[in-house]
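Below: one structure, written as structure tokens.
The values are calculated or read from the model by the stated rules, or taken from the named source; none is laboratory data. This is a predicted model, so every value here is computed, not measured. Cβ: placed from backbone, ideal geometry, glycine included. Neighbour counts: every protein chain shown.
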Amino acid sequence: MAKDGLNTEFRLVGTRPNRPDGLDKVTGRARYGADFSLPGMLHGAVLRSPHAHAKILKIDTSKAEALDGVKAVVTRADFPEGLEGEDWNLQENTMAGDKVLYDGHAVAAVAATSKLLAEEAVRLIEVEYEVLPHVIDVDDAIKPDAPVIREGASDASVPEGMPPNVVRYMEFGRGDLEAGFAAADLVRENTYKTEATHQGYIEPHACVGQMGSDAKGEMWVCTQGQWFIRKMCCAVLGLEASQLRVTPSEIGGGFGGKTTIFMEPLSLALSRKANGRPVKIVMSRSEVLRATGPTASGSMDVKIGMKKDGTLTAARAEFRMQGGAFPGAPVDMALYCGFAPYKLDAVEHVGYDVLANRPKCAAYRAPGSPMGAFAVESLIDEMCRELGLDPVEVRMKNAVREGDQSSYGPKFGSIGLVEVLEAVKGHSNLAEPLGPNQGRGVASGYWFNHNGETSVSMSIAADGTVQVSVGTPDIGGSRASLSLMVAEHLGIPYEDVRVNVVETGSLGENEPTHGSRATFASGKAAILSTDQAIKEMCRRAANEWGIDPEAVEWADGAAQPAGPNAGKFPPMSIKEIAGKMGETGGPISGHHESLPEGVGASFGAHVVDVEVDPETGLTKILRYLVVQDAGRAIHPSYVEGQYQGGAVQGIGWALNEEYIYGEDGRLQNPIFLDYRIPVASDLPMIDTVIVEVPNPGHPYGVRGVGETGITPPLPAIASAIHQATGARLRHLPMTPQKVRAAMKAQDS
Amino acid sequence: MNYHLATSFEEAARIAANAGGTTRFLAGGTDVLVQMRAGMVLPDDLIDLKAIPGTDAMTQLADGSWQIGVAVPGARLGANADLCRDWPGVVEGMELVGSTQVQGRATLTGNLCNGSPAADSVPGLVAAGATVVITGPEGSRELPVEEVPTGPGKTALNKGELISEIRLPARGDNAGDAYLRFTPRTEMDIAVVGCAVSLRLDGDKIVEARVSLGAVAPTVLLVAEAADAIIGTTLDDAALDALAAAASKAAKPISDKRGSAEYRIEIAGVLAKRAAKIAYGRAKGDNK
């Protein structure tokens, strides 16, 4: 039905049925990571470093091992040697080797017959450290006298003579920068800083791992990607991938942070040492904050040239980011996304990936893009104010369109930035009058979206209902959107489709639910799988009717003669075909695997109104508007939910969230009391507008909507605070204290 | 760990006096159970007070004063219309502790004995002139609330002593109190600064006042100079400025992850003004 292009009339796509997993989740029946238990199961606990940087001189586990009920203790000595590259990084992060590299770094782990015993045993492990100087801030880490975190960690991209904590370096761009700046009426350059934030998913990491002496194992785990868990655990422990079977649990949030491993290999290593008894490990919130993967922090210089009419003439970005004690800060993504909304003929990007004594960063919703946007969109806004230009008009004037070359290289296909900005201009929020101490901020945001390795199967049950097996855990309503698409495609009720998120033994490799890919990639593969089943059902009908299979078409949930010449037969429904498939050739199913082509990027723009208490500097969000191109909203409620969730995480990042370190290099706020995620009463209802510029690369036009929404809030709120107070904050978070200080500096 | 279910305060005091290692009393448990789960405190003896008769009672005596049992949860304070009418500042302080769920268990006494300088229910009690009854091996004594905390996590309670009751004085006429705290978030947060004001009017003029500050010193402060700045005034702008200056001057905060000393000093003055205005309005009959 989609082969001739994009349909615009749908029976189910675009409707808002209840999600298939909804009842389970509101009744507590859904099984999350910590809900899983097995007979004979042990409980694990992890000893973590209290130091930001220290040599491990000695680990004495004898007292822990002697404790009654303790069945296994592991240290790095229980892991294979000789790993390289990212495998070594993962292993080193799982369990410290010669040095601990951050506060919270795992040093040893224990499995015992109860959680309390395991925790008691952990306290009995004695570790002798030689504390080393540490470095936390990215700009400090590249100073000449900074403590060196790991000699030789730099890759070939780093030019000779750079500080040793610079482990990746990049520069790219095009055009004549000098001429571009010379052609501008206004050239401005500023430095912006963002602090590390955590995804803050509600569900802490949890797993049950079981591994026998035969190197065959199983794992039940809360993850965004069971194949990634399998691959990484096997790399770290020296196992064969197909011998480990990984089953994902229901997932209470991930936002990118559950696309990698943390304590999962420890449960397997402990189980192996405890004669194959399963070992459960559940992280506390403090462990989650100290020892999983927050995002990077950034220090960013941006320079932009603008004409009096708002036309951009040239732009340059130099970003420095630390992503913890290992390579992998998303500085490249930040650079790609920063100028992406703008048509630029002269642009230069320089990036530094820097080590610091912090936990290894993981993906967090559009990794890098919010930082890039904070720097670029803030400066654009500052320049608009200086030139007296409307920030929406300036964005429209410079907006990229289909066929334009992006700031980072590739040409854009079909994109919807102009449509998004038009929708912003027409929205009633922009007409709301602002009172004293109030301000309005506007910013754009961008995310590429992603395809990724995808393998999907579907099959028809004997009663004509349909099951779909996908490898992408449902983190944002994808079971609903996949059910809608498959039901639409087959012409059957939504309720007749069940989408199962399956374990690693059931399908070929799937990348995690990341890159906003599940509805796009698993959706496209599900539709292509369904096409195979439809073809087979048409063949069965043709056989029965004694006509050519080509003369049968699928419509309204049934095989039908394709036209008057095909013969006159009543439609044969899916239920009828399924009911007798045992006699007509056996099971009917479909399967598709690929790197689905045709990814569609998503642009968004946000408008925020704030009021700042002039005496305390407290920022209140009065109104918040998200406008974003979804391509096609399969289930609009869950698209809106993604828009709102992205905005709220961005609001938290902008106003209060940050990793706060003491002089000793220890994390000061590993608890939600002091790591301040917004609470419901901090927020207005987030208004949303779904723009639909269909993606021609997907049968229903899907782009992927999960990530773009976290990008604009950081600069939009900074600009709104600027208008409300006259003070521009260039260092996140914009806490009341910092806003008040900026206002006082303004006054004096 | 030994768990004890005490049936009288005397018994609880005796158990505590004879205990060797770390002892904790359990009423609401919203501090101690969380601390145990987090491994911060691993008591050798945990003494449960909830079975002691009267710990869940909240009584207004004939003279108008109040007795509040040590296990009365915050939710019941807010549900008592008479207490809300008499001491709205005390109630709103307690109601800021934790979430709705926590309010079902958390108690005034527990919040006080936790010894946090940022405890939200304590400034209101101090401004109100509340006292506590302490039971110990040597008998009972009464202490003003402001004398209970002696430093972060520390109290004036001796070994074997525990609080057996909180007493609020009779409110009387033409009076009002209020508590405000400053937090970056609207809920589920901990005070950067807290301030309670209690005052009485004669006509438009303030004739009695008590001002208390939280989170700006090792203990919650009773600031006489701040009260003096508004006594005898109609809370005009000059009085408010004097109040703010006195509150800021009394604040001796540290700089930490929750706020710098400089910021806390400034906010202490801002909150004092705002809390005084609310208390004044309530004394005039505002229902807020």
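Suppose we filter A:Glu382, A:Glu419 for residues that are closer than 24 Å to A:Tyr192 by Cα, of a type in the set (D, E, K, R) and in contact (Cβ under 8 Å) with a residue 40 or more places away in the chain; which single one remains?
Result of the check over A:Glu382, A:Glu419: A:Glu382.
Considering only residues that are part of a helix (DSSP H, G or I) and in contact with a Gly (Cβ under 8 Å, 6 or more places away or on another chain), which ones fall in the range B:253-274?
B:Ile267, B:Leu271
Right, A:Ala109: assigned to a loop (DSSP other than H, G, I, E, B) and under 29 Å from A:Leu355 (Cα atoms) or not?
Criteria not met by A:Ala109.
So for the range A:439-447 (the condition being in contact (Cβ under 8 Å) with a residue 24 or more places away in the chain, surrounded by fewer than 19 Cβ atoms within 10 Å (Cβ to Cβ), in contact with a strand residue (DSSP E or B) (Cβ under 6 Å, 6 or more places away or on another chain) and among the polar types (S, T, N, Q)), does at least one residue qualify?
Checked the range A:439-447: no residue is in contact (Cβ under 8 Å) with a residue 24 or more places away in the chain, surrounded by fewer than 19 Cβ atoms within 10 Å (Cβ to Cβ), in contact with a strand residue (DSSP E or B) (Cβ under 6 Å, 6 or more places away or on another chain) and among the polar types (S, T, N, Q).
So A:Ala184 ticks every box in (1) hydrophobic (A, V, I, L, M, F, W, C); (2) over 29 Å from A:Ala96 (Cβ atoms); (3) out of contact with any Gly (no Cβ under 9 Å at 6 or more places or on another chain) but one. Which box is left unticked?
(3)
Identify the single condition in (1) closer than 20 Å to A:Met95 by Cα; (2) buried (at least 23 other Cβ atoms within 10 Å of the Cβ); (3) out of contact with any Lys or Arg (no Cβ under 7 Å at 6 or more places or on another chain) that A:Phe326 does not satisfy, given that it satisfies every other one.
With respect to (1) closer than 20 Å to A:Met95 by Cα; (2) buried (at least 23 other Cβ atoms within 10 Å of the Cβ); (3) out of contact with any Lys or Arg (no Cβ under 7 Å at 6 or more places or on another chain), A:Phe326 is out only on (3).
Considering only the range A:659-674, how many residues are of a type in the set (Ser, Thr, Tyr) and more than 10 Å from chain B (Cβ to nearest Cβ)?
Matching residues across the range A:659-674 total 1.
Can you tell me which residue is farthest from the chain's Cα centre (by Cα) among those in the range A:206-230 that are surrounded by fewer than 24 Cβ atoms within 10 Å (Cβ to Cβ) and aliphatic (A, V, I, L, M)?
Per the criteria, the residue is A:Ala215.
Residues checked against (1) in contact with a Pro (Cβ under 6 Å, 6 or more places away or on another chain); (2) of a type outside the set (A, V, I, L, M, F, W, C); (3) farther than 30 Å from A:Met232 by Cβ:
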| residue | (1), (2), (3) |
| --- | --- |
| A:Gly515 | no, yes, no |
| A:Gly523 | no, yes, no |
| A:Val552 | no, no, yes |
| A:Gly557 | no, yes, yes |
| A:Ile577 | no, no, yes |
| A:Gly585 | no, yes, yes |
| A:Ile588 | no, no, yes |
| A:Glu593 | no, yes, no |
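So, in the range A:122-158, of the ones that are assigned to a loop (DSSP other than H, G, I, E, B) and among the β-branched types (Val, Ile, Thr), which residue ends up surrounded by the fewest Cβ atoms within 10 Å (Cβ to Cβ)?
For the range A:122-158, the residue satisfying everything is A:Val148.
How about the range B:197-252: which of its residues are within 23 Å of B:Ala130 (Cβ to Cβ) and part of a helix (DSSP H, G or I)?
Residues satisfying the conditions are B:Ala224, B:Glu225, B:Ala226, B:Ala227, B:Asp228, B:Ala229, B:Ile230, B:Leu243, B:Ala246, B:Ala247, B:Ala250.
Step by step: first the residues of the range A:706-748, then only those that are part of a loop (DSSP other than H, G, I, E, B) and in contact with a strand residue (DSSP E or B) (Cβ under 6 Å, 6 or more places away or on another chain), then the one that is farthest from the other protein chains (Cβ to nearest Cβ). Which residue is that?
A:Glu707
Report the residue count in the range A:611-658 for those that are within 14 Å of chain B (Cβ to nearest Cβ) and not in a helix (DSSP H, G or I).
Residues in the range A:611-658 being within 14 Å of chain B (Cβ to nearest Cβ) and not in a helix (DSSP H, G or I): 15 in total.
Have a look at A:Arg540, A:Arg498 and point out the one that is basic (Lys, Arg), in contact (Cβ under 8 Å) with a residue 60 or more places away in the chain and out of contact with any His (no Cβ under 7 Å at 6 or more places or on another chain).
A:Arg498
Among the listed residues A:Ser242, A:Ser267, identify the single one that is surrounded by 20 or more Cβ atoms within 10 Å (Cβ to Cβ) and assigned to a helix (DSSP H, G or I).
Going through A:Ser242, A:Ser267 in turn, the sole match is A:Ser267.
For A:Val679, state whether it is buried (at least 19 other Cβ atoms within 10 Å of the Cβ) and modelled with pLDDT of 95 or more.
No, not satisfied.
Checking the conditions here, which among B:Gly20, B:Gly28, B:Gly64 is surrounded by fewer than 16 Cβ atoms within 10 Å (Cβ to Cβ), touching a residue at least 12 places away in the same chain (Cβ under 8 Å) and in contact with a helix residue (DSSP H, G or I) (Cβ under 9 Å, 6 or more places away or on another chain)?
Residue meeting the stated conditions: B:Gly64.
Please go through (1) of a type outside the set (Phe, Trp, Tyr); (2) more than 30 Å from A:Ala718 (Cβ to Cβ); (3) crowded, with 23+ Cβ neighbours inside 10 Å for A:Thr619 and return the number of the only condition it doesn't satisfy.
It fails just one condition, (2).
Answer yes or no as to whether B:Gly214 is modelled with pLDDT of 95 or more and either surrounded by fewer than 22 Cβ atoms within 10 Å (Cβ to Cβ) or in contact with a His (Cβ under 9 Å, 6 or more places away or on another chain) (or both).
No; evaluated as a whole, the condition is false for this residue.
Looking at (1) away from chain A (no Cβ under 14 Å); (2) under 16 Å from the mean Cα position of the chain (by Cα), find the lone condition where B:Thr234 falls short.
Looking at each condition in turn, B:Thr234 falls short on (2).
Is it true that A:Thr725 is touching a Pro at 6+ places or on another chain (Cβ under 7 Å) and over 12 Å from A:Leu655 (Cα atoms)?
Considered against the rule, which asks whether it is touching a Pro at 6+ places or on another chain (Cβ under 7 Å) and over 12 Å from A:Leu655 (Cα atoms), A:Thr725 comes out as no.
Would you please name the residue that is nearest to the other protein chains (Cβ to nearest Cβ), looking only at residues in the range B:243-279 that are of a type in the set (Lys, Arg) and more than 22 Å from B:Val90 (Cβ to Cβ)?
Filtering first and then ranking leaves B:Lys257.
Of the numbered conditions (1) within 14 Å of B:Ile267 (Cα to Cα); (2) touching a Ser or Thr at 6+ places or on another chain (Cβ under 7 Å); (3) touching a residue at least 24 places away in the same chain (Cβ under 8 Å); (4) within 14 Å of another protein chain (Cβ to nearest Cβ), B:Pro184 fails exactly one; give the number of that condition.
(3)
Could you identify the single residue in B:Val207, B:Val192 that is within 14 Å of chain A (Cβ to nearest Cβ) and over 13 Å from the mean Cα position of the chain (by Cα)?
Of B:Val207, B:Val192, the one residue that is within 14 Å of chain A (Cβ to nearest Cβ) and over 13 Å from the mean Cα position of the chain (by Cα) is B:Val192.
Filtering the range A:497-544 down to residues that are within 16 Å of A:Pro473 (Cβ to Cβ) and among the polar types (S, T, N, Q), which residue is surrounded by the fewest Cβ atoms within 10 Å (Cβ to Cβ)?
Filtering the range A:497-544 for residues that are within 16 Å of A:Pro473 (Cβ to Cβ) and among the polar types (S, T, N, Q), the one surrounded by the fewest Cβ atoms within 10 Å (Cβ to Cβ) comes out as A:Asn500.
Condition (residue is touching a strand residue (DSSP E or B) at 6+ places or on another chain (Cβ under 7 Å), of a type in the set (Phe, Trp, Tyr) and within 18 Å of A:Thr197 (Cβ to Cβ)) applied to the range A:650-658: is it met by at least one residue?
no
In the range A:498-519, how many are within 15 Å of the chain's Cα centre (by Cα) and of a type outside the set (Val, Ile, Thr)?
Summing the residues that are within 15 Å of the chain's Cα centre (by Cα) and of a type outside the set (Val, Ile, Thr) in the range A:498-519 gives 7.
Limited to the range A:678-703, what total is found for residues that are of a type in the set (A, V, I, L, M), more than 14 Å from every other protein chain (Cβ to nearest Cβ) and in a loop (DSSP other than H, G, I, E, B)?
Going through the range A:678-703 one residue at a time, the tally reaches 4.
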